[in-house]
Amino acid sequence: MENTFVRGIPNGSVNRYRWTVEKDGYSEFDDVLITNNDFVISAGIDKTACVNNAVMTAEAAGVGGTSSWTVVLGSGIFSSNSAENATVTGLSPNANRYEWTVTRNSCTNKDTVEIIYNVPPNADFEMDITEGCSPINVLFTNITTGGDHYEWFYDNKLRYDTIGFTETFEAIYDKDTTFSIQLVAYSPAGCTDTIVHEATVYRIPIVDFLAAPVEQTFPNSTINIENLSNDGLSLIHI
């Protein structure tokens, strides 16, 4: 049979096939070369990200090959439209799908990769007072958008209030003290955002003085008054 099909030729292989004809005790043959330039290409692994960018991990086009990225679903801007390790930015929320097309030896193949962009929350909170004399009572109001649950960190404390709370801060070690209050917000997908504000608490000065003598005989009337208060502006009223 002079017409037949050859199946199972490996991709990228060069194969020699021989056609032999026998007649009346004689034989002749001829060889034919069949090159299979087909190939399998990978666009890389699917990813889930909490940031609006991703590094692609596609298989390179190889020597002499050409390649290109195409947006199939969502959006994206590639740092290089033909690089297998290009960085893509400007993702749309949720699913983004990109197609990697490679041409080698006049054969073309393609594959797709999906990147899920989980938009992180926007952490923020308000304080009704940011400074004052010790102690100060601060009302914290959580104004985060896109958050699901929260963690507050301050003065080695941790609490999980969602909306807001009041906390008292006192100066420590007889000096003005600044406290850092940190809010970590979590989205339902586990993405995070963090913001930090500060509250400054001014110490209360220690007031003291010495009057001498404490007793004396008239007509003596001179009293020595010594200010024993710590540093700061002091006024003595007699």
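So in the range 1-143, what percent of DSSP beta bridges are antiparallel if you round to the nearest 5?
The antiparallel fraction comes to roughly 90 percent.
Binning at 10 angstrom from zero up to the longest distance, how are the C-alpha pair distances of the range 59-117 distributed in percent?
That works out to 24, 52, 20, 4, in percent per bin.
Mind checking which lysines have their C-alpha under 30 Å from Lys110, skipping anything on the same chain fewer than 8 residues away?
Lys47
Along the range 162-171, what does the Karplus equation 6.51 cos²θ - 1.76 cosθ + 1.60 (θ = phi - 60°) give for ³J(HN,Hα), rounded to whole Hz, x for Gly and Pro?
Working through the residues one at a time gives 8, 8, x, 6, 10, 9, 9, 10, 10, 5 Hz.
Contact order normalised by length for the range 116-231, with contacts defined as Cα pairs under 8 Å and 6 or more residues apart; what percent is it? Display every interim value, and only then the final one.
On the way: 248 pairs, mean separation 30.7, N = 116.
With pairs under 8 Å counted, the relative contact order is 26 percent.
Quick one: grab Rg to one decimal and Dmax as a whole number for the range 5-146, Cα atoms only, in Å.
29.1, 118
Counting pairs of Cα atoms in the chain, how many percent are more than 28 Å apart?
On the way: 18739 of 28203 pairs.
Tail of P(r) above 28 Å: 66 percent of Cα pairs.
Where the accessible area of the range 1-144 is counted over protein heavy atoms with a 1.4 Å probe, how much of it, in %, is carbon and sulfur?
50 percent
Provide the gained length on full extension for the span Val55 to Thr112, in nm with one decimal, where the gain is 0.36 nm per separating residue minus the Cα-Cα distance. Let's see the in-between values first.
Numbers: separation 57, 0.36 × 57 = 20.52 nm, distance 1.45 nm.
Full extension from Val55 to Thr112 adds 19.1 nm.
Compute the orientation-averaged projected area for the range 131-200 from the convex hull of its Cα atoms and round it to one decimal in nm².
4.6 nm²
Taking a probe of 1.4 Å, how large is the accessible area per residue of the chain, in Å²? Provide the component values of the computation, followed by the final result.
Working: 15830 Å² over 238 residues.
Here the per-residue accessible area is 67 Å².
The values are calculated or read from the model by the stated rules, or taken from the named source; none is laboratory data. None of these values were measured; they are calculated from a predicted model. Protein only, heavy atoms only, side chains kept; ligands, DNA and RNA dropped before computing areas. Shrake-Rupley method; radii C 1.70, N 1.55, O 1.52, S 1.80 Å.
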